[in-house]
Amino acid sequence: MSEQFKQEIEAEVGANKILVYGKGTKDAPRCGFTLETIQFFNNFGYPFEVVDVLENMPKREALSQMTDWPTLPKVFIDGTFYGDTDVLGPMAEKGELQTILKNAFGSEAPKTTINLH
Amino acid sequence: MIATDAIVALIRETMPDADVTVFDRTGTMDHFNIGVTSSAFAGKTLIQQHQMVYRALKAAHSDGRIHAIELTTTVAE
């Protein structure tokens, strides 16, 4: 694995509480599963970043080796790898994901705590 | 593309007791819904359970026979 990509990935994961490696960008996802993941996190209301690795095969290879996970999207929360919505969906149903996000951000999601008055 | 039987065989190589269901989502034999029930998942987190299945299917992912999987894992009673 290229050490350069590994360091780049570790820096990106460290800089974002929620990081999605996907195909396409937040505004222009180029894969149904990436879109699904963006919508999933939009519903939670916490800030998140999407890194487009569609055309970057060496980086995708490095990511797959680091995570033991062959497909995109790949989601990291607070530095920990959580797979995709097949894992996050059931975790959200059980309330586990809400706890992880709350601990990562140190507060409830902005959407649920904003007082409009 | 890969036959559904071949997917079942790959998963059972690492988890011999696995109960595996495979559904070809697109009719193109490369996008699948896969359900795996195994006692090997006991004590593992969901992410670890999924990684176990992905490891079993690694070769088929690497050479492009499988493009996408929607995966459900269940611990056998």
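Derivation of every value follows stated rules applied to the coordinates shown; laboratory data play no part. The structure displayed is predicted, hence computed values, not measured ones. Cβ placement follows ideal geometry from the backbone for every residue including glycine, while neighbour counts extend to all protein chains displayed.
A few points about this structure:
- Looking across the range B:56-77, the residues that are in a strand (DSSP E or B) and within 11 Å of another protein chain (Cβ to nearest Cβ) come down to B:Ala68, B:Ile69, B:Glu70, B:Leu71, B:Thr72, B:Thr73, B:Thr74.
- For the range A:42-71, taking the residues that are in contact with a strand residue (DSSP E or B) (Cβ under 8 Å, 6 or more places away or on another chain) and within 9 Å of chain B (Cβ to nearest Cβ), the one that is farthest from B:Met52 (Cα to Cα) is identified as A:Thr71.
- For the range B:22-55, a residue qualifies if it is within 11 Å of chain A (Cβ to nearest Cβ) and buried (at least 18 other Cβ atoms within 10 Å of the Cβ), and the qualifying residues are B:Ile34, B:Leu46, B:Ile47, B:Gln49, B:His50, B:Gln51, B:Met52, B:Val53, B:Tyr54.
- Test: B:Arg12 is within 23 Å of A:Leu63 (Cα to Cα) and either more than 11 Å from every other protein chain (Cβ to nearest Cβ) or touching a residue at least 40 places away in the same chain (Cβ under 8 Å) (or both): no
- Within the range A:15-117, strands (runs of 3 or more DSSP E) holding 2 or more residues that are touching a Ser or Thr at 6+ places or on another chain (Cβ under 9 Å) and in contact (Cβ under 8 Å) with a residue 40 or more places away in the chain: A:18-22, A:74-77
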